[in-house]
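The structure under discussion appears below in the form of structure tokens.
All of the numbers you see were taken from the coordinates with simple rules; none came from a lab. Keep in mind that what you see is a predicted model, and the values were worked out from it rather than measured. As a convention, Cβ positions derive from the backbone with ideal geometry for all residues, glycine included, and neighbour counts pool all protein chains shown.
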Amino acid sequence: MVKILAITNQKGGVGKTTTSVNLAASLAATEKKVLLIDLDPQANATMGSGTNKLTVKQTVYQVLLGEISIESVRVKNLQAKYDLIPSNRELAGAEVEMVTLTKRETRLKTELSQIESEYHYIIIDCPPALNLLTLNGLCAAHAVMIPMQCEYYALEGLSDLVNTIKKVRAKFNPKLRIEGLLRTMFDPRNILAQQVSDQLQQHFGNKVYRTVIPRNVRLAEAPGFGIPVLYHDRQSKGAQAYLELAKEVLNV
Ligand code: ATP
Ligand code: MG
């Protein structure tokens, strides 16, 4: 059975895309069939997977508007062994253009149903907003992974996100659950980070992944080469952390 995971947090720059790309690659490295969907007009997951957002013609945008089939948009990443549904800046217009369409919140879900049985895992990289694109991600998903940096404002944004997830559950997707909160860019020497991390564990208990993603320069470098960190420096702390996270996800 396929598991569809939305990687989301409306806060920007918390590690959603880094997590999407590297979790996809780490799961694929265990021989699982994986599809990564870039649902962000910034198209960072597209670039980080080695597809050029400036030249790619067919993207998730046309899929959401019902112009082309989801199968025809897939790009196979032969090195990292996962498939990608790319994005580009056109997707920024989808929000407005979809307003007149029916069932606009569940368009991704409907399209995905055509191909989901081919995969073990589908990872959706959401944009930093609680908008119609993120809503499509949440409606299509079975579970949500929330990457977050352990800093002061992190917990504030979390309540908005949890409320949105509750609304989606009530209206569109009753089985949607929060699978876990992922601590990203973690620096154990930072006392505030430790405190926020402790608070997270108190509030959310075993919803916090055991795996912690450290701040690691290899993770920041890899997108520049269009490859997941696993193929940039497998021994790096960042690569090892995402392999560990994949194990945790496989065991849930
Ligand atoms: P956005 O909200 O804009 O989509 P995001 O939540 O997807 O951002 P990323 O793009 O994954 O966040 O990360 C933000 C920046 O931090 C990027 O430059 C990325 O390379 C860097 N980064 C992410 N995780 C780490 C890490 N563990 N160590 C070092 N740098 C990191
Ligand atoms: Mg991103």
Per-peptide average of other Cβ atoms within 10 Å, ordering 209-215, 59-65, 223-229, 74-80 highest first: 59-65, 223-229, 209-215, 74-80
Net charge (Lys, Arg +1; Asp, Glu -1) of residues whose beta-carbon lies under 9 Å from that of Leu35, Leu35 excluded, is -1
Where both partners of a DSSP beta bridge lie in the chain, what percent of those bridges are antiparallel, to the nearest 5? 10 percent
Tally Lys and Arg at +1 and Asp and Glu at -1 over the other residues with C-beta under 13 Å from the C-beta of Leu101: what net charge comes out? -2
Can you compute the FRET efficiency between Asn190 and Tyr231 using 1/(1 + (r/R0)^6), with r the Cβ-Cβ distance and R0 = 45 Å? Round to the nearest 0.05. 0.95
Loop only by DSSP, 14 or fewer other Cβ within 10 Å of the Cβ. Give me the GluC sites (Glu not before Pro) in the stretch 1-71 that pass, ordered by residue number. Glu31, Glu67
Please give the Cα centre distance for the stretch 164-211 versus the stretch 140-159, rounded to the nearest Å. 6 Å
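How much net charge surrounds Gln240 when only other residues with a Cβ under 12 Å from its Cβ are counted (Lys, Arg +1; Asp, Glu -1)?
+2
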